[in-house]
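For reference, the structure is listed below as structure tokens.
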Amino acid sequence: MARRTPKYVEIAQDLQAQIDSGRLAPGKRLPTEKELALKWQVSENTIKAAVNELRKRGRVETVPQKGSFVTEPDQPFVITLNHTDLGDENAPGRGYGGGEGRAFMAEAKRQKHEASSSKPDVKVQDAEELQMKALGIPPVPEAEDAARPQVVRRSQQRFVDGKPNSLQHSYFRLELAFKAQELLNSRDIEEGTVAYLKRCGHEQVGYEDEFDARPPTDDELKFFGLSKNSLAVIEHVRTAFDQDGKPFRLTVTVYKPGTNKIRFIAGEVPDEVWERGS
């Protein structure tokens, strides 16, 4: 049996549809909570919950004693994922993809946005199936007492103009971290992880990208400020390969729905194509 949509979510979706269609234009005040409660035949608390959903999505802002007003829509942040220097004077070179590290920061600057990220959260954890497969870790025996291989995870929250944009988790084999010990420190690697690992003997020469649309987890709902009935998040999984053809890095980036536009550019294109993302 299909789950019924909560009434406050239904009301929020109706109001958002009016905003998207232009019936409720930017700067216009929403009907009062009392007016909406009468229209929908619900309590004012239900209306408060509906308006709060719209606030979480950044569609309205509430001014004390004045009401809730439709905000100006945010322009989506454009993320170019093919390998390019994005105008950076120190191009990372072949095999380096957009959407992470210096490329993410450079693209934000090109679009006149300010990008930032949290301090890396570093953990050593048991490897899950996705990480084992991507990093070429052999499967463990089925015996109950068999120890699972471990990986190092570096996680960061990423922001654009101070607003949550994405979550990024990078995974490395534990034995690699023993050689490249900066991976174990909970601070940014100033030169960039790709450049640092090149110095440690693993030059990134290529990568494979995979994408999935899925429901957000509870942690993602909280970070992005989404409702449980929100749009799907986009999960971008990148497996990086070194000069010996071996996978040595797995990076999983989860993008907030409705605020990011992902694109690829191949070959030589006019400058105005690049500028469309500005």
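The values are calculated or read from the model by the stated rules, or taken from the named source; none is laboratory data. These numbers were taken from a predicted model, which means no experiment stands behind them. Virtual Cβ from ideal backbone geometry, glycine too; neighbours counted across all protein chains shown. Heads up: the accessible areas ignore ligands, DNA and RNA and are worked out on the full protein's heavy atoms, side chains in. Shrake-Rupley method; radii C 1.70, N 1.55, O 1.52, S 1.80 Å.
Checking each residue of segment 189-205 against the condition of being in the same structural domain as E128 (by the TED database) and under 16 Å from L81 (Cβ atoms) gives at least one match.
If the condition is being open to solvent by 70 Å² or more (accessible area, probe 1.4 Å) and either in contact (Cβ under 8 Å) with a residue 40 or more places away in the chain or within 21 Å of the chain's Cα centre (by Cα) (or both), then segment 174-199 contributes R187, D188.
If you go through segment 135-170 and keep only what is among the aliphatic types (A, V, I, L, M) and either in contact with a Cys (Cβ under 9 Å, 6 or more places away or on another chain) or surrounded by 13 or more Cβ atoms within 10 Å (Cβ to Cβ) (or both), you end up with L135, I137, V140, V151, V152, V160, L167. Restricting to segment 228-248, name every residue that is of a type in the set (D, E, K, R), touching a helix residue (DSSP H, G or I) at 6+ places or on another chain (Cβ under 9 Å) and open to solvent by 10 Å² or more (accessible area, probe 1.4 Å). Listed by number, the list holds a single entry, K228.
Select from segment 26-54 the residues that are hydroxyl-bearing (S, T, Y) and either at pLDDT below 95 or within 35 Å of the chain's Cα centre (by Cα) (or both) and list them in ascending order.
Narrowing segment 26-54 to residues hydroxyl-bearing (S, T, Y): 32, 43, 46.
Those that are hydroxyl-bearing (S, T, Y) and either at pLDDT below 95 or within 35 Å of the chain's Cα centre (by Cα) (or both): T32, T46.
Selection over segment 65-109 of residues that are under 12 Å from N260 (Cβ atoms) and modelled with pLDDT of 75 or more gives a count of 10.
Scanning segment 1-40 for residues that are assigned to a loop (DSSP other than H, G, I, E, B) and either touching a residue at least 60 places away in the same chain (Cβ under 8 Å) or closer than 19 Å to K56 by Cβ (or both) yields T5, P6, L24, P26, L30. Please specify each residue of segment 200-224 satisfying the condition of being surrounded by fewer than 16 Cβ atoms within 10 Å (Cβ to Cβ), of a type outside the set (K, R) and modelled with pLDDT under 90. Hit for segment 200-224 is G206, nothing else.
Regarding segment 57-67, can at least one residue be identified that is part of a helix (DSSP H, G or I), open to solvent by less than 50 Å² (accessible area, probe 1.4 Å) and not aromatic (F, W, Y)?
Looking only at segment 57-67, we keep the residues that are part of a helix (DSSP H, G or I), and these are none.
Scanning segment 57-67, I find no residue that is part of a helix (DSSP H, G or I), open to solvent by less than 50 Å² (accessible area, probe 1.4 Å) and not aromatic (F, W, Y), so the answer is no.
Here P73 fulfils each of the conditions (1) touching a strand residue (DSSP E or B) at 6+ places or on another chain (Cβ under 9 Å); (2) in a loop (DSSP other than H, G, I, E, B) apart from (1). Of the numbered criteria (1) crowded, with 17+ Cβ neighbours inside 10 Å; (2) at pLDDT 90 or above; (3) not acidic (D, E), the one Q16 fails is (2).
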